[in-house]
Amino acid sequence: MIQSMTGYGKSVLQLPTKKISIELKSLNSKNLDLNARMPSMYREKELAIRSLIASKLVRGKIDFSLFVEITGEETSSTVNQPVVKKYMEQLRNVVAAPETELLKMAIKMPDALNTERDEIDENEWQLIQTEIDNTLDKIQAFRYQEGKALEKDFELRIRNIDNLLQEVIKIDPDRIEGVRARLEKGIAEIKERVDENRFEQELVYYIEKYDITEEKVRLHNHLEYFIKSLNSADSNGKKLGFIGQEIGREINTIGSKANYAPMQKLVVQMKDELEKVKEQLLNVL
């Protein structure tokens, strides 16, 4: 089953003194492009988080965010009272303002707060890690859901191309007969006697030149292989992309050999369907 590279997942973990929100967003990308945002106290876990996300999501432009909201009395910052008082004394000499206004200005100055680096509580981290796993499950479920919609669209487009191919096969005898008729007409117009054997040889040469039997067979096989790969256990957008290129090559060859307006019209329709497939393939994992 295919997966889309578009996905979203969010989880919220409520701890005794803080609320932790975890978000994952992903869009299509040729490779893994991971951007991680988190408080500095959790930076030591960043490599482990990146490794976990890479193993689960594989590819895509991914944004990971971990937000912390303090909900209790716990804080890692304290007021540096001597420094704040010194700032207020200096500010009194600069501006006439109430004490509360001086305090507001002083508290914003450098070193007004002492911030202690928190150590990660391993029990707490285990809870956070579990929630990250839950968020990954949610974004993968989103990707599979998007993948189902893409799969239906691919099946429709490939079926349309195959139906158009059947139309090509149906009108191909008329096309060959048209080639024969044009050659015979050309010979008649120049009013020259021709060697019948030589004429038949030339006719066979041109008919072989415009023959699309191999292209029709290969195109049908590529279409079947695309559907087979679409229904495989793994999601492989790159493989489907390669098959799509082969489909395009056979369609182009049929178009270049067609030399017959009704068939060229069908080829244009096949190209239009294939272009829609290629656009959507960019979003397949």
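The values are calculated or read from the model by the stated rules, or taken from the named source; none is laboratory data. Since the structure is predicted, the reported quantities are computational estimates derived from the model, not experimental observations. Neighbour counts run over all protein chains shown; Cβ positions are idealised from the backbone, glycine included.
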Inset, instruction - Output the qualifying pairs, or none if there are none: Cβ atoms under 6 angstrom, residues six or more apart or on different chains, first residue in the stretch 44-59 and in the same structural domain as Thr135 (by TED's automatic domain parsing), second residue part of a helix (DSSP H, G or I) and surrounded by 13 or more Cβ atoms within 10 Å (Cβ to Cβ). - result: Lys56/Leu136
Legend entry - Residues within the stretch 8-45 that are under 17 Å from Gln126 (Cα atoms) and not hydrophobic (A, V, I, L, M, F, W, C), tallied: 12
Inset, instruction - Run down Gln245, Gln269, Gln264 and say which single residue is polar (S, T, N, Q) and over 24 Å from Asp174 (Cα atoms). - result: Gln245
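Could you tell me whether Tyr260 is at pLDDT 85 or above, aromatic (Phe, Trp, Tyr) and more than 30 Å from Ser4 (Cα to Cα)? Spell out the reasoning first.
Numbers: at pLDDT 85 or above: yes; aromatic (Phe, Trp, Tyr): yes; more than 30 Å from Ser4 (Cα to Cα): yes.
Yes; evaluated as a whole, the condition is true for this residue.
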Legend entry - Of all residues making up the stretch 46-61, the number that are closer than 20 Å to Gln126 by Cβ and surrounded by 17 or more Cβ atoms within 10 Å (Cβ to Cβ): 2
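Conditions tested, residue by residue: (1) modelled with pLDDT of 85 or more; (2) among the charged types (D, E, K, R); (3) under 30 Å from Met5 (Cα atoms); (4) more than 23 Å from the chain's Cα centre (by Cα).
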{"position": "Val58", "(1), (2), (3), (4)": "yes, no, yes, no"}
{"position": "Ile62", "(1), (2), (3), (4)": "yes, no, yes, no"}
{"position": "Ser65", "(1), (2), (3), (4)": "yes, no, yes, no"}
{"position": "Glu73", "(1), (2), (3), (4)": "no, yes, no, yes"}
{"position": "Ser76", "(1), (2), (3), (4)": "no, no, no, yes"}
{"position": "Val79", "(1), (2), (3), (4)": "no, no, no, yes"}
{"position": "Lys85", "(1), (2), (3), (4)": "yes, yes, no, yes"}
{"position": "Val94", "(1), (2), (3), (4)": "no, no, no, yes"}
{"position": "Ala97", "(1), (2), (3), (4)": "no, no, no, yes"}
Inset, instruction - Go through the stretch 234-259 and give me each residue that's crowded, with 19+ Cβ neighbours inside 10 Å and hydroxyl-bearing (Ser, Thr, Tyr). - result: Ser235
Legend entry - Candidates Lys239, Lys228, Lys216 - the one that is over 22 Å from the mean Cα position of the chain (by Cα) and assigned by TED's automatic domain parsing to the domain that holds Ile158: Lys216
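Residues Leu32, Leu27, Leu13: which one is assigned by TED's automatic domain parsing to the domain that holds Arg59, surrounded by fewer than 16 Cβ atoms within 10 Å (Cβ to Cβ) and either within 17 Å of Lys138 (Cα to Cα) or in contact (Cβ under 8 Å) with a residue 60 or more places away in the chain (or both)?
Working: Leu32 fails: either within 17 Å of Lys138 (Cα to Cα) or in contact (Cβ under 8 Å) with a residue 60 or more places away in the chain (or both); Leu13 fails: surrounded by fewer than 16 Cβ atoms within 10 Å (Cβ to Cβ).
Exactly one of Leu32, Leu27, Leu13 is assigned by TED's automatic domain parsing to the domain that holds Arg59, surrounded by fewer than 16 Cβ atoms within 10 Å (Cβ to Cβ) and either within 17 Å of Lys138 (Cα to Cα) or in contact (Cβ under 8 Å) with a residue 60 or more places away in the chain (or both), namely Leu27.
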Inset, instruction - Kindly indicate whether Arg157 is within 27 Å of Lys278 (Cα to Cα) and either under 49 Å from the mean Cα position of the chain (by Cα) or modelled with pLDDT of 70 or more (or both). - result: yes
Legend entry - Of the criteria (1) in contact (Cβ under 8 Å) with a residue 24 or more places away in the chain; (2) in a loop (DSSP other than H, G, I, E, B); (3) among the small types (Gly, Ala, Ser), which one Ala97 fails: (1)
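Check Glu89, Glu46, Glu23 and return the single one that is acidic (Asp, Glu), at pLDDT 90 or above and assigned to a helix (DSSP H, G or I).
Values: Glu89 fails: at pLDDT 90 or above; Glu23 fails: assigned to a helix (DSSP H, G or I).
Glu46 is the lone residue from the list that is acidic (Asp, Glu), at pLDDT 90 or above and assigned to a helix (DSSP H, G or I).
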